[in-house]
Each structure stands twice: as structure tokens, then as C-alpha cells.
Amino acid sequence: MKNSFQAVVVDNKDSNFSVETKHVSLEDLSAGEVVIKVHYSGVNYKDGLAGTPDGKIVRSYPHIPGIDMAGIVVSSEDSRFKEGDSVIATSYEIGVSHSGGYSEYARIPADWIVQLPEGLSLKEAMIIGTAGFTAALSIQRLQDNGLKPENGSVLVTGATGGVGSFGVAMLSQLGFNVIASSGKKEAEGYLTSIGASRVIGREDVYNGKVKALDKQEWAGAIDPVGGESLAAIISKIIYGGSVAVSGLTGGGAVPTSVFPFILRGVNLLGIDSVYCPMGIRQKLWERIATDLKPKNLSSFVYKEVSLQQLPEELPKILEGGITGRMIVAVE
Ligand code: NDP
């Protein structure tokens, strides 16, 4: 491997915040047993936050962000991995307190790495990334709690976002009738093309009022939005149905009541991709490469950027308005 290679470095020297593509060396990377030549990474909301001075994501500076990466092992001190293995590394401390994927090389603890499953390329793995993994984990938990296509329609909120888009596509792949909720009127074509049966507005989910028990509409829901809208969803889930909640783009406070839980047996399922146990993580990546794999993955790519372009592109994810995923081709 090269002694000196390129990485995106965020720094806060003397309170001067900077995001730059620079030359670094292996000594600049956090410790780990496995060195990976990174081929692709992705841009997630958390990465956008890492690129701003008040993002509250990065623990110490200088830091290399990038919570997702896929690449080839160049050296390993752990018997589970060997030179030449194709691998995926996401979650845990990667890109947060451990140097991440916006670098030609990364050094990662073996416990955080998954072998790339057959049926998925390195690029496809990063189109899916943490967003798609979170959608897959949501689906797994909904199915573990009894969700089947014959139970009824499944709602996906924040449908044009990363988690939402993959939620729509993966559920449709499994034969579910998917209702996609989006704040973007112009996105109907995109959402039906990736598998939504029907597209509704955010106001059709939450119109400013939450009833303790509302008309039963959906057998299940994937909800990366949270907030008051989540309270409204819970009140509209059918008897015995479940909601998988993963995010808070709509807010953190959820003004619900006990009634949907004690009178309809509704389940609220918490989804955390970061510390999801490795056994479940490996099985889910296998599913992502097989029954959950969306057709035509390239239609999810909003933009492919280089390490050099990243400092300029990173903040854009925080502005909203992006449909699909931005991926990073690392030279
Ligand atoms: P994106 O930015 O890609 O998408 C978020 C989507 O939410 C938007 O595209 C928009 O969709 C919708 N949205 C935005 N603002 C609002 C609002 N005020 N009210 C309602 N909907 C809104 O983000 P991701 O999909 O990557 O992540 C979504 C959430 O999930 C984030 O909070 C993120 O932190 C969290 N997350 C959690 C993970 C976990 O492990 N629990 C892992 C990954 C992400 P539209 O316009 O179509 O309505």
C-alpha cells in the first residue's frame, strides 16, 4: 500500500473549522486489526453533520469522516479476514470516534467488519449503505413480529430519503402493498418506480391532530420521521400491527397514549443500526444481497462524487431536498 494517500480531513484548529482533502498516512488512522483499501463510501446525514462545526458527531479533531465503506482487505492481523477479501464496514464508532471511509485506506477493528456477501458488488453495498441496512433491519423486526403481505398495506414515511427509499423498494420486493408518504409532490414518479403502490402526502399521515385511536389503516410501518407524525401512525395501525421507528427527521417528542398498545396490541419496535449485534448484521447483509435486494440499484444514486469533491458536497445532505443516495467513488 502507499505510504501517503488521500483522505477527507475535518479539523478545528484554534476554532478554525475546515473540511479538506489532504494527504495522510497509516499513522493518522485509528487503530484496528484490518487495513482496507476503500473502493466506495456513501453520504449519510450523520456524515453531513460531521462536516459542520456544530454537528456534535465528531469526538476529537483532526478526524476522517465516513460512516460507511466497502473495499478490499490489504492486511489483517485477525484470522477472520485475509488479504484480498471484499468487505463492508459500517456502524459502531466508524466515522464518529474512529477514522472513517472518506480515505483511500481505512484501519478497522475486525469485530466491526462483514464479508461482502455473494450477489452484491462493493458499489451496490455502498448504494445501500447504512440507510438501506436500517430499512432491512426495520423489515426484519416487522416480520419477526408477524407482518405478512396478506395482513394489509405497509406505510413508509420520509419515503424519498435513504431509509425510506430502501424501505419502499425492499418491502415491494417482498410482495407487500407499500404506501409511501412524502413531502415532495414531484417525487411520485420516483416512488412508484421503486415500488410504491400509492404515494400520499405527509399531511395524510398527520394533519395536526392525533386521536387516541383512529381508523385502522396500516398493518405495519417503517418510520424514520418520528415526532407527532409517529403518534398519528400508531393510532392508525391495525390490531396486532407494528411500527419500526428509526429516526427523527420530524422531531424527537412523540405525543402518543397507551390506548393503541393496550386496546389494539400495537407494537412499537426500536431500530438501531449502530450497535446491531454482528450475528443479525451478517444475516441481514445476506438478505440484502438476495431477497431484499432492490432491482435497478443505480436508480437510487442521486450523485457519485470523488474524495476531492466531497468537502463541497458534504453539507448538501443537511439542506434536505436530496432524493436517493449520494455515493463516493474512492480512487
Ligand atoms: P434522509 O435525509 O435521506 O431522508 C429523510 C427524509 O425525511 C427526507 O427525505 C424527507 O422525506 C423526510 N423529512 C425531512 N424533514 C421532515 C420533516 N420535518 N417532517 C417529516 N418528514 C421529513 O435521511 P435518512 O433516510 O438517511 O435518515 C432518516 C432518519 O433516520 C434520520 O433521523 C437519521 O438520523 C435516522 N437514521 C437512523 C438510523 C438508526 O440506526 N436508527 C440509521 C440511519 C438513519 P420526504 O420529503 O419524502 O417526506
Taking only the Cα positions of the range 211-331, the convex hull volume per residue in Å³ is 165
Between the Cα axis of helix 122-144 and the main Cα principal axis of the chain, the angle (0 to 90°, nearest 10) is 40
Given Cβ charges of +1 for Lys and Arg and -1 for Asp and Glu, the option among Thr323, Gly101, Leu230 whose Cα lies farthest towards the positive end of the dipole of the chain is Leu230
Env charge @ Ala180, Cβ radius under 9 Å, K,R +1 / D,E -1, value 0
Candidate cut points under GluC sites (Glu not before Pro) in the range 28-86, DSSP loop plus at most 14 other Cβ atoms within 10 Å of their own Cβ, are Glu77, Glu83
Taking r as the C-beta separation of Asn3 and Val301 and R0 as 51 Å, the FRET efficiency to the nearest 0.05 is 0.95
With label points set 7 Å from each Cα along the Cα-to-Cβ direction at Lys209 and Tyr61, the distance between them in nm comes to 5.0
Computed from the beta carbon distance with a Förster radius of 41 Å, FRET efficiency for Gln216 and Lys184 to the nearest 0.05 stands at 0.90
Output row, site Ala253, 7 Å Cα→C-beta label point, backbone N cut-off 13 Å, window the range 203-238, residues 227-229
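Starting with the fewest neighbours, write out Tyr61, Tyr92, Tyr275 ranked by other beta-carbon atoms found within 10 Å of each beta-carbon.
Tyr275, Tyr61, Tyr92
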Given the candidates Val9, Leu263, Val38, the one whose Cα lies deepest towards the positive end of the charge dipole of the chain, counting +1 at each Lys or Arg C-beta and -1 at each Asp or Glu C-beta, is Leu263
If every Lys and Arg gets +1 and every Asp and Glu gets -1 at its Cβ, then about the Cα centre the range 130-270 yields a dipole, in debye to the nearest 20, of 140
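Can you tell me the convex hull volume per residue for the range 130-270, based on C-alpha atoms, in Å³ to the nearest whole number?
Once divided by residue count, the hull of the range 130-270 is 90 Å³.
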Relative contact order of the chain (C-alpha contacts under 8 Å, at least 6 apart) in percent is 19
Footprinting proxy, Ser229, Ser60, Ser165: sorted fewest to most Cβ within 10 Å, the residues are Ser60, Ser229, Ser165
Burial-style ranking of 250-258, 2-10, 95-103, average other-beta-carbon count within 10 Å with highest first, yields 95-103, 2-10, 250-258
Calc'd 3J(HN,Hα), the range 188-204, phi into Karplus 6.51 cos²θ - 1.76 cosθ + 1.60 (θ = phi - 60°), Hz, glycine/Pro = x, comes to 4, x, 4, 5, 6, 5, 9, x, 5, 7, 8, 10, 10, x, 4, 5, 6
Note on the range 171-230: C-alpha Rg/Rh, Kirkwood Rh, two decimals, gives 0.97
Computed about the Cα centre, the charge dipole of the range 30-182 from +1 Lys/Arg and -1 Asp/Glu charges at the Cβ has a magnitude in debye, to the nearest 20, of 320
Hull surface over four for the Cα convex hull of the chain, reported in nm², is 16.3
Fewest to most Cβ atoms within 10 Å: Asp47, Asp111, Asp54, Asp28 sort as Asp54, Asp111, Asp28, Asp47
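In deg cm²/dmol and to the nearest 500, what is the mean residue ellipticity at 222 nm of the chain if only DSSP H runs of at least 4 residues count, each as -39500 (n - 2.57), divided by the residue total?
-7000 deg cm²/dmol
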Two pseudo-spin positions, 7 Å from Cα along C-beta at Ser15 and at Thr192, lie apart in nanometres by 5.5
Mean shadow area (nm²) of the C-alpha convex hull around the range 129-175 is 3.0
Between the modelled labels at Thr52 and Glu77 (7 Å from Cα along Cα→Cβ) the distance in nm is 3.8
Most packed first (mean Cβ within 10 Å per residue), the peptides 12-18, 311-317, 67-73 order as 67-73, 311-317, 12-18
per DSSP, antiparallel bridges as share of beta bridges in the chain, % nearest 5, sits at 55
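Every number in this text was worked out from the coordinates using simple rules, so none of it is lab data. This one's a predicted model, so the numbers in the text were calculated from it and none came from an experiment. Methodologically, a virtual Cβ is constructed for each residue, glycine included, from the backbone with ideal geometry; neighbour enumeration extends over all protein chains shown.
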